[in-house]
Amino acid sequence: MRMRDVVLWAIKELGLDPDKVNVKGGATVIGHPLGATGARSTGTVARILQWEKKK
């Protein structure tokens, strides 16, 4: 099951507000080596900003 499928399932089954759900996933979902949380998070945020054409 892909990450997006899990998010959609959780929204439906748990009655979550889609506007408050992080559909891009968190540190556990995206995976990263120990001690690389900052670098991994920065890269993810940079990609999200690119996708949404924001600065």
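The values are calculated or read from the model by the stated rules, or taken from the named source; none is laboratory data. As the structure is a prediction and not an experimental result, all values here were calculated from the model. Cβ sites come from the backbone with ideal geometry, for glycine too, and all protein chains shown count toward neighbours.
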Check your understanding: Considering the stretch 19-33 alone, what residues qualify as being over 9 Å from the mean Cα position of the chain (by Cα) and modelled with pLDDT of 65 or more?
Key -> Asp19, Lys20
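For the structure I just gave you, tell me whether Leu16 is surrounded by 10 or more Cβ atoms within 10 Å (Cβ to Cβ), touching a helix residue (DSSP H, G or I) at 6+ places or on another chain (Cβ under 9 Å) and modelled with pLDDT of 80 or more.
Considered against the rule, which asks whether it is surrounded by 10 or more Cβ atoms within 10 Å (Cβ to Cβ), touching a helix residue (DSSP H, G or I) at 6+ places or on another chain (Cβ under 9 Å) and modelled with pLDDT of 80 or more, Leu16 comes out as yes.
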